[in-house]
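The values are calculated or read from the model by the stated rules, or taken from the named source; none is laboratory data. Keep in mind it's a predicted model, so treat the numbers as computed, not measured. Counting neighbours? That spans all protein chains shown, and the Cβs are built from the backbone with ideal geometry, glycine included.
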C-alpha cells in the first residue's frame, strides 16, 4: 500500500474524476441520487441510540454526528461491497469536509469474521476543512468465494461531516520517463497568475522580462543556483515547467525535494506544497515528498515553483522507494505467545528475588549514604524492578469473584517476572471515579477494587508507587476528554496555586491517604506497601504551554502574571541589576512580560524567569507536601519527573527525597505511535546512549534515584540494545528502581499486537526485562566504586540561561566510566536526604546542553562544543587511579569502559558488552564476531543481543543451569513503513512476528561436562532440544531460531546433564 502525504495528512494530489471515464468507477451511486442504495450503513442504529442524522444535499452525503454527554457514540460506519482483482493495484479517493478535528478510517476487508484487511487499512488524522483523501493499494482479495467490501469508519468524527466523490478504480501507473527530459526554468521571477499554460516570459522582481532556460536533470537534480551563476537570495522564486504528452490517462508518482520551499501544479491545479515548513528533511531525496499527479491523455503540463533556502536553490526529482511491508516469511516468523504467564520453577521464574510480603522490614527510607533501604535493615541497600500499567481486561471484569481471581493471578505472575514495584499512574484519579455521579466523588466499589489490587500485590512482595494526579484529577468522568486536552494547563496551574487544581488535589490526597484498606487493615498513608508518593506525573510539561494558557484563559493569565510580578518585586527589592533594567527599558517590575524561555532564555529577563520557575516549582511542591504530611503520610516523596533542566534539578534538590526522571529512546514524534508518526532508525549506541546519559545527569547526590518510566520504543530496529543499556548502566550508577512503561505483565497476549510501548506481547522487550532482572535487580553488575560530582554554583544559574539548559552531553559521558551525580550545595536539601558519599572528583558546569521538550518526552540534544574537555578529564581520572591502567577507554575513538571493568561500549562499532561473574552479554550488529568473556560470538546473521546467564547465584563458570538469550527484532504482520522505516503507514495486525537468524557462540565452562540446550516457551517451559557439541574446551551453541518446531523464541535453557 502506498500513501501520499499532503500538508502532513494522508492526501493525494489528484483531481478526483480523471480516472472514471477511462477506467470506470467500481463504486455505484456515488452521487447518492438513489439515496443510500448500494451503500450499507449503521446510521439507523446511530440515529435511534444517539440522534445522528443524515441527508443528501447536491449529490453529497451530509451527516450530523452528535457528541454524547457520556461514553461513546459507538461505531459510525458505511461502506459498499467490492470484489477487486487479487494483487492488482487500485486507487481509492473521496472528499470529506468536517468542522471539528477527528480521525477518518478506510478499510478494504472481508465481509465476515475475521474481517481481515485486504491490503488497505488506514487512519487519517484530519483538521477542520475540506480534504481530498486518496490511497493507492494492492488488493489482497485472493479468496473470491468470500465477500469483501470497503468500510468508511466515521466513529472518531463529530459535528457536521460531508462526504462525496467516492471513486475506486484500477490504477494505471505511468513512468517518470514519460516526462519531457528538458525542463524550462524561469529563474528569479515573480510568480505567474496562472499555471495552466507555460508563458513565453515572466517578470523579474524589478519588472524586467525573463525568458526560460532549458535544463535537464543531472543525477536527478536541477541546480537553480548554478543556472543563475551562483547568485541567489533567500526565498527568491524560480518556476520550472515540463510539457509532456501521453497516450493514456493514469497517475504518475513524483519523488520530490526542494531547497527549500515548493509548490507543485499539474495542468493548472495546485496539487502539493511545502510552503509552511519547507522541505523539512535535509536528506534531499525522492522520498522527502511523494506526490501523485493525475495525467490525462494527450498534452500535460507540470509546473513547480521553488523558493530558495538560506544555503541553496535546487529541485530534486526521482522515483521514490516503495514502503516497507512486513509479512510472514522465512526471515519474519509468527511468534506463539499463547503461554506468557511464567511457570513456577522454570528458568524464567525470578520470584526468589522478590521477598514477600511487602513491608515486612518496615517503610522504605534513606540511610546516611543516600541509599534506599528498609527502615528495619538500614545497612542493606534496596533495588526494585517495577512496572507501569494494569490490564484493562482485568479491571473491566464484571464479575467480582472472577476479578479477584485474576488480580491474584496477576500479582503472582508479576512476582515470578521479578517485579517488586507497581507505579499506579494514569489509573487512580480516573478509575476510582468511574460510574461516579459528579465531581470529586470517588466510587466506593472502585476503591474496594483498588484495595484488593494493592493487598494482593503486597502479599507477593510488590510495593506501590502512588501517583495522586495523572489525567482524571478526580473530576466527573464525563469531563475526561476535556481534562485530557487541558492536561498541561492543569499541570501549570497547580504550580501557581490554581483553586480548581488545589481543591481537587487536596480531595484526592485526603481521600486515598486516610482510607483504610479492609484487606490489610491499614490506612494507605500508614501502609509500608507505599514506597513513594508522587504528586503529579510530568508536571513540568505545563510550562511548555504557559503562553497558550495566558492567551486563552484570562483568569489563569492574571494568576500567572501576579505570581511573576510579586516574585520580581520581592527578589529585586534592593535594586534591579543594570542588565535587567536595560532590557526592561523603564517597564516597572510589576508590569514585566513573561518571556519566551525557549527563545529568550539567555537574556536578563529570561535568566530571571528561569530562577522564578525554580522558585514556583519549589513553592508548588511545598504546598502539596504539606497537604500529604498534614494527612499523616510519612513515607518518601518524589516529584517533577519530566524536565531535565538544571533549574528544575535545583528545585528537586530542595523538595524531592527520591529523584525520579523518565527516559525514552526514540519516542514516536507526532503522537504515541499511530500511523503518521516517525521513529528514527539509529542505534542508541551511536550517540553513546544519550537518552540514558541525560537521564542519569539528573541524579542528585545523597538520595535515591529512580526511573519511573522508560522504554526503547518500537519500531526502532535496535530495541534489543535496551536490555543492556538501561539495566547495566543503571546498576553501575546505583539506581534504586527501574519501572518499565508499560504493561509487562498480562495473563494473555492473544489479542494484543505490538505498539510503541508494548511489553508483555513483545518478545524483545520481554528479553530486555529478563536481562534487567539479572543485571540490575539481582545485582550482577557492580556499583561504581568512585564518584564524580558536578557542582552547580548558585551564581551559574543566574547567568547565560543555565537554568533552562541540561547538563552538558560531554560531561554526562563520564557516567559511562564511573559514578556521576549533581549537587547544589548552596541550596537547602529536602528533608530526610543526606550529603551522600564523598566524591572522588568535583567538576563545574563549563558547558550546557539544549533541552527538547515534547508533550510526552524530553530529549537532550548532543552538544560537544564548549570549554569542558572530556579527554582531559579522563586523564585526570587515570591520574587519580579512578580508572585503572588496564582500562581501555578512548573517548576520541568512542570507547568507554567502566571503572569496574564490567561494561564496555564502542560507539563507532555500535557494540555494548557486559562481563560479570554470573551474566555475560553483548549487543552488536550482524556479520561480526566478539569475545565477551567465557562467551564468544563467532557468527551472527542479524543484529541482536546475545547473552548467557546463570539462573542462580552460582557463577557462570560452574553453573548447572543457564539462560541463553537471542533477541532480535519484532514486528506486526502487514506493518507498513516508509522506505527508510521511519514513518509508520499502517500499524499491522496479528500475528506478531520475530526476526529470525542464526547465532554461533562458544562458551567455556570451568569444567568440561555434558550440557543440553532447550528452546523455551515464553512461560519458561521447555519446547524442544537443540544439539550442542564441544570443540576442544568450548561448548558450541548454534541456534537458528527460524528453524524451531514451535516457532521462534528469544529464550533458551542450557542445563548440565
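Quick notes
- Every residue from the stretch 348-373 that is within 34 Å of the chain's Cα centre (by Cα) and either free of Cβ contacts under 8 Å to residues at least 24 places away in the same chain or in a strand (DSSP E or B) (or both): 352, 364, 365, 366, 372, 373
- Selection status of residue 214, within 23 Å of residue 257 (Cα to Cα), exposed (fewer than 11 other Cβ atoms within 10 Å of the Cβ) and in the same structural domain as residue 273 (by TED's automatic domain parsing): yes
- Test: residue in the stretch 61-69 that is out of contact with any helix residue (DSSP H, G or I) (no Cβ under 9 Å at 6 or more places or on another chain) and at positive phi: no
- Matching residues, the stretch 892-914, being buried (at least 20 other Cβ atoms within 10 Å of the Cβ), in a strand (DSSP E or B) and over 26 Å from the mean Cα position of the chain (by Cα): 896, 897, 903, 904, 914
- Any hit, the stretch 521-537, residues being farther than 13 Å from residue 424 by Cβ and part of a helix (DSSP H, G or I): yes
- Residue match in the stretch 331-346 (condition: closer than 28 Å to residue 266 by Cα, touching a residue at least 12 places away in the same chain (Cβ under 8 Å) and surrounded by fewer than 18 Cβ atoms within 10 Å (Cβ to Cβ)): no
- Residues within the stretch 73-119 that are without any contact (Cβ under 8 Å) to a residue 40 or more places away in the chain and within 22 Å of residue 37 (Cα to Cα), tallied: 3
- Residue 52 being in the same structural domain as residue 34 (by TED's automatic domain parsing), in contact with a strand residue (DSSP E or B) (Cβ under 7 Å, 6 or more places away or on another chain), farther than 24 Å from residue 481 by Cβ and at pLDDT below 95: no
- The set of residues in the stretch 463-494 that are part of a loop (DSSP other than H, G, I, E, B) and either closer than 25 Å to residue 513 by Cβ or touching a residue at least 24 places away in the same chain (Cβ under 8 Å) (or both) comprises 470, 471, 472, 473, 474, 475, 476.
- Residues (more than 18 Å from residue 1020 (Cα to Cα) and in contact with a strand residue (DSSP E or B) (Cβ under 7 Å, 6 or more places away or on another chain)) located in the stretch 398-420: 420
- The single residue among 74, 81 that is at positive phi and outside the structural domain of residue 435 (by TED's automatic domain parsing) turns out to be 74.
- Just one of the listed residues (422, 403, 410) is within 32 Å of the chain's Cα centre (by Cα), in contact (Cβ under 8 Å) with a residue 40 or more places away in the chain, closer than 30 Å to residue 478 by Cβ and assigned to a strand (DSSP E or B), namely 422.
- Of the criteria (1) surrounded by fewer than 18 Cβ atoms within 10 Å (Cβ to Cβ); (2) over 15 Å from residue 313 (Cα atoms), which one residue 254 fails: (1)
- Being modelled with pLDDT of 85 or more and either at positive phi or more than 27 Å from the chain's Cα centre (by Cα) (or both) is a description that applies to residue 161.
Each row is one residue, and each column tells you yes or no for (1) at pLDDT 95 or above; (2) in the same structural domain as residue 654 (by TED's automatic domain parsing); (3) more than 19 Å from residue 801 (Cα to Cα).
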| position | (1), (2), (3) |
| --- | --- |
| 559 | yes, no, yes |
| 572 | yes, no, no |
| 592 | yes, no, no |
| 596 | no, no, no |
| 601 | no, no, no |
| 604 | no, no, no |
| 627 | yes, yes, yes |
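- In the stretch 240-283, the residues that are touching a strand residue (DSSP E or B) at 6+ places or on another chain (Cβ under 9 Å), over 20 Å from residue 188 (Cα atoms) and free of Cβ contacts under 8 Å to residues at least 60 places away in the same chain: 245, 247, 277, 280, 281, 283
- Comparison of 540, 544, 606 shows that the only residue that is assigned to a helix (DSSP H, G or I) and surrounded by 22 or more Cβ atoms within 10 Å (Cβ to Cβ) is 540.
- The listed residues are 463, 452, 495, and the only one of them that is assigned by TED's automatic domain parsing to the domain that holds residue 396, under 24 Å from residue 557 (Cβ atoms) and modelled with pLDDT of 95 or more turns out to be 495.
- Per-region count, the stretch 196-211, residues assigned to a strand (DSSP E or B) and surrounded by 15 or more Cβ atoms within 10 Å (Cβ to Cβ): 3
- Restricted to the stretch 938-1057, the set of strands (runs of 3 or more DSSP E) holding at least 1 residues that are free of Cβ contacts under 8 Å to residues at least 24 places away in the same chain comprises 1022-1026, 1029-1031.
- Selection count, the stretch 788-820, where residues are touching a residue at least 60 places away in the same chain (Cβ under 8 Å) and out of contact with any helix residue (DSSP H, G or I) (no Cβ under 8 Å at 6 or more places or on another chain): 2
- Filter pass, residue 84 being surrounded by 14 or more Cβ atoms within 10 Å (Cβ to Cβ) and in a loop (DSSP other than H, G, I, E, B): yes
- Applying the condition of being over 30 Å from residue 32 (Cα atoms) and in contact with a helix residue (DSSP H, G or I) (Cβ under 7 Å, 6 or more places away or on another chain) to the stretch 161-195 and asking which residue is surrounded by the fewest Cβ atoms within 10 Å (Cβ to Cβ) yields 185.
- Condition met for residue 430 (under 27 Å from the mean Cα position of the chain (by Cα) and in the same structural domain as residue 662 (by TED's automatic domain parsing)): yes
- Checked against the criterion of being closer than 24 Å to residue 547 by Cα and outside any helix (DSSP H, G or I), the stretch 432-453 contains not a single residue that satisfies it.
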